[in-house]
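Okay, handing you the structure first.
The values are calculated or read from the model by the stated rules, or taken from the named source; none is laboratory data. Quick caveat: nothing in here was measured; it's all calculated off a predicted structure. Counting neighbours? That spans all protein chains shown, and the Cβs are built from the backbone with ideal geometry, glycine included. All accessible areas refer to the heavy atoms of the entire protein, side chains included, with ligands and DNA or RNA removed. Shrake-Rupley method; radii C 1.70, N 1.55, O 1.52, S 1.80 Å.
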Amino acid sequence: MANAKELFSNPREFVSAIVEIRNKIGYKLLYAPAIANPLNMAILSYCGIDLFDSLDIILKSRKGVYFTSEKEYKLDELEGYPCNCEYCKKGIDDFEDLLFHNYEVMRNELIKIRNAIKRRELREYVEAKTHFNPNFASIIRILDMKYYDYQEKNYAVIGNKIIASPYSLYRPDIRRFRERILNRYEKPRNAKVLVLLPCSAKKPYSTSKSHKLFNRAIANSINRYTIHEVIVTSPLGLVPRELECTYAAAHYDISVIGYWDKEEIEMIRNTLSDYLERNKYDLIINHLPKELSNHLDIDAINTCKEHPTSDASLEALAEAVKEADDMEKVKHTERRFENARSILLYQFGKNIDNFLKNCKVKGKFPDYKIYDENDKQLASFSMKRGLFSLTYPGGKKLGRNYWVEIEDFTPKGSVFAVGIEDADERIRIGDEVVIFHNDEVRAVGVAKMNAYEMKESKAGEAIKVRHYKS
Ligand SMILES: [Zn+2]
């Protein structure tokens, strides 16, 4: 990227140039010369720059600029050095001392970035850096708003904690969650009553005090398994109860003070209305607080009085769910099967009814296990990943869905990118995949790259194999 330095001062042009180059070179290394310093290395890494140099640091050191990881200072304006490196301890006397201090800061920053990447927290780290430079904020915004497809494929379907910020609403993995709920997911078909619930700070929601109270109230119905709980929240929109362990539902922290901004309300209104267009219920019970409820246009029994967990509200909820008592009875096992189907639809998107044909689902949520008609286990739900893990027979039954085509070998530990011929373009890091050679399933495992990188790269671990053909 020859003109990186010039482009970087204009976020719009910089982002569009990066995307254009990336689309051209794929997953090859990208070098941006004479631009990196401790302040911008995180955002540059986030944009996909792989290689930096120290030219900018040398030039700035010549001009007497002292770097910290947040800010640049004029050396002669500093009162003491906010750093413990050997040059700062000794006192900075000349250009070389300053340069070596700046190198130290740059090296530390590089280590922070590497750790953030490893922990899947680079986005949070970059968001934190936007406080120090408005251009960084612009770059994130432009990427999110204009280049969702480009970014989304690089976001894993698993992850650590997300600290929700004003940027989170359009974060690619958050937006993907919302879109999958609307495009892939179907509610449990035997659930006829929808209960809308507020979120809780503690995750998964059902472990929180408030949700235990809701659960007790809902258990007041003798036809509990026809009731479907859906949690309404920002920035994720809607989280059906059976997806509460799935990324990012169990992974985000947001300040819960009952204040909703315009953008969040708009998002929830639209998501709910699209959801109800696609998923039909006989009855809706709305247990959301007024601050949110007032903005939603739904035909429902409102059970939230002053506060969702107040005695009056819980009594109203317990009373309202009795409406389900006279509806067609749904057994626990029937509902469990449907819950598993809904999760699988979210995860794999299609062909799930074929996979589930003649199957039984056993175990208590979230420890679901799926067995075929011969009691052979096909899949088990991993609470940690929030997804189903396949067994080898499970992979065979799932068939050409989240598939990877490899050369003629039987993988045991890992599949490296060099052995991959083709892959389902929906595969993201963390996805469960079925490994084929021609029409034979060779193994199942977890993707360590997205489909594009699997196909393009010549090196690196692409899949961690879980079970293989024996
Ligand atoms: Zn120092």
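Report yes if some residue within segment 92-99 is within 29 Å of Ala2 (Cβ to Cβ), of a type in the set (Phe, Trp, Tyr), in a helix (DSSP H, G or I) and assigned by TED's automatic domain parsing to the domain that holds Phe14; otherwise report no.
Pass one, segment 92-99, residues within 29 Å of Ala2 (Cβ to Cβ): 95, 98-99.
Now restrict to residues that are of a type in the set (Phe, Trp, Tyr): 95.
Those left that are additionally in a helix (DSSP H, G or I): 95.
After this cut, where a residue has to be assigned by TED's automatic domain parsing to the domain that holds Phe14 as well, the list is 95.
Yes; the residues of segment 92-99 include at least one that is within 29 Å of Ala2 (Cβ to Cβ), of a type in the set (Phe, Trp, Tyr), in a helix (DSSP H, G or I) and assigned by TED's automatic domain parsing to the domain that holds Phe14.
Identify all residues within segment 263-274 that are open to solvent by less than 40 Å² (accessible area, probe 1.4 Å) and out of contact with any strand residue (DSSP E or B) (no Cβ under 7 Å at 6 or more places or on another chain); write none if there are none.
Of the residues in segment 263-274, the ones open to solvent by less than 40 Å² (accessible area, probe 1.4 Å) are 264-265, 267-268, 271-272.
Glu264, Ile265 - these are the residues of segment 263-274 that are open to solvent by less than 40 Å² (accessible area, probe 1.4 Å) and out of contact with any strand residue (DSSP E or B) (no Cβ under 7 Å at 6 or more places or on another chain).
Still on this structure: Can you name every residue in segment 128-172 that is open to solvent by 60 Å² or more (accessible area, probe 1.4 Å) and within 29 Å of Lys455 (Cβ to Cβ)? Write out each step before concluding.
The initial filter retains those residues of segment 128-172 that are open to solvent by 60 Å² or more (accessible area, probe 1.4 Å), namely 131-132, 134, 141, 145-146, 149, 154, 160-161, 163, 166.
Those that are open to solvent by 60 Å² or more (accessible area, probe 1.4 Å) and within 29 Å of Lys455 (Cβ to Cβ): Met145, Lys146, Asp149, Asn154, Asn160.
Got at least one residue in segment 278-299 being outside any loop (DSSP other than H, G, I, E, B) and over 32 Å from the mean Cα position of the chain (by Cα)? If you could, list the steps in order and put the result at the bottom.
The initial filter retains those residues of segment 278-299 that are outside any loop (DSSP other than H, G, I, E, B), namely 278, 283-286, 290-293.
Retained after the next criterion (residues that are over 32 Å from the mean Cα position of the chain (by Cα)): none.
Taking every residue of segment 278-299 in turn, none turns out to be outside any loop (DSSP other than H, G, I, E, B) and over 32 Å from the mean Cα position of the chain (by Cα).
A further question follows. Looking at segment 158-195, which of its residues are in contact with a helix residue (DSSP H, G or I) (Cβ under 9 Å, 6 or more places away or on another chain) and aliphatic (A, V, I, L, M)?
Ile162, Ile163, Ala164, Leu169, Ile174, Ile181, Leu182, Ala191, Val193, Leu194, Val195
Are there any pairs, at least 6 apart or on different chains, whose C-beta atoms fall under 8 Å, with the first in segment 404-417 and touching a residue at least 40 places away in the same chain (Cβ under 8 Å) and the second hydroxyl-bearing (Ser, Thr, Tyr) and open to solvent by 10 Å² or more (accessible area, probe 1.4 Å), and if so, which?
Thr410/Tyr468; Pro411/Tyr468; Lys412/Tyr468; Ala417/Ser457
Just wondering, is there one or more residues in segment 263-271 that are under 21 Å from Leu314 (Cβ atoms) and in contact (Cβ under 8 Å) with a residue 60 or more places away in the chain?
No, because not a single residue in segment 263-271 is under 21 Å from Leu314 (Cβ atoms) and in contact (Cβ under 8 Å) with a residue 60 or more places away in the chain.
Then there's this: Quick check on my filter: what residues within segment 246-288 are of a type in the set (Ser, Thr, Tyr) and touching a Gly at 6+ places or on another chain (Cβ under 7 Å)?
Going residue by residue through segment 246-288, those that are of a type in the set (Ser, Thr, Tyr) are 246-247, 252, 255, 259, 271, 273, 275, 281.
The answer is Thr246, Tyr247, Thr271.
Right, next: Looking only at segment 53-99, filter to residues that are without any contact (Cβ under 8 Å) to a residue 12 or more places away in the chain and on the phi > 0 side of the Ramachandran plot; which one of those is most open to solvent (accessible area, probe 1.4 Å)?
Only one residue fits best here, namely Gly80.
How many residues does segment 275-296 contain that are surrounded by 19 or more Cβ atoms within 10 Å (Cβ to Cβ), touching a helix residue (DSSP H, G or I) at 6+ places or on another chain (Cβ under 7 Å) and not aliphatic (A, V, I, L, M)?
Here the count works out to 3.
Looking at Ser273, is it assigned to a loop (DSSP other than H, G, I, E, B) and closer than 24 Å to Ala320 by Cα?
Numbers: assigned to a loop (DSSP other than H, G, I, E, B): no; closer than 24 Å to Ala320 by Cα: yes.
No: the conditions fail for Ser273.
Another question about this same structure. I need a count of the residues in segment 389-415 that are aromatic (Phe, Trp, Tyr), assigned to a loop (DSSP other than H, G, I, E, B) and buried (at least 19 other Cβ atoms within 10 Å of the Cβ). Steps first, answer last, please.
Taking segment 389-415 and keeping what is aromatic (Phe, Trp, Tyr), we get 392, 402-403, 409.
With the extra rule that they be assigned to a loop (DSSP other than H, G, I, E, B), the set shrinks to 402, 409.
Then keep just the ones that are buried (at least 19 other Cβ atoms within 10 Å of the Cβ); that gives 402.
Adding up the residues that qualify gives 1.
Moving on. Scan segment 100-127 for residues that are assigned to a helix (DSSP H, G or I), surrounded by 16 or more Cβ atoms within 10 Å (Cβ to Cβ) and more than 16 Å from the ligand (Cβ to nearest atom) and report the count.
Of the residues in segment 100-127, 8 are assigned to a helix (DSSP H, G or I), surrounded by 16 or more Cβ atoms within 10 Å (Cβ to Cβ) and more than 16 Å from the ligand (Cβ to nearest atom).
Would you be able to tell me the number of residues in segment 344-379 that are open to solvent by 30 Å² or more (accessible area, probe 1.4 Å) and either touching a Leu at 6+ places or on another chain (Cβ under 9 Å) or not in a loop (DSSP other than H, G, I, E, B) (or both)?
Of the residues in that region, 8 qualify.
Same structure again: Can you list residue pairs whose Cβ atoms sit under 9 Å apart, with the first residue in segment 19-32 being open to solvent by 100 Å² or more (accessible area, probe 1.4 Å) and the second being outside any helix (DSSP H, G or I)? Count only pairs 6 or more apart in sequence or on different chains.
Close Cβ pairs satisfying both conditions: Lys28/Asp50; Leu29/Asp50; Leu29/Leu51.
Another question, if that's okay. When you scan segment 451-465, do you find a residue that is open to solvent by 70 Å² or more (accessible area, probe 1.4 Å), outside any loop (DSSP other than H, G, I, E, B), of a type in the set (Lys, Arg) and at pLDDT 95 or above, even just one?
yes
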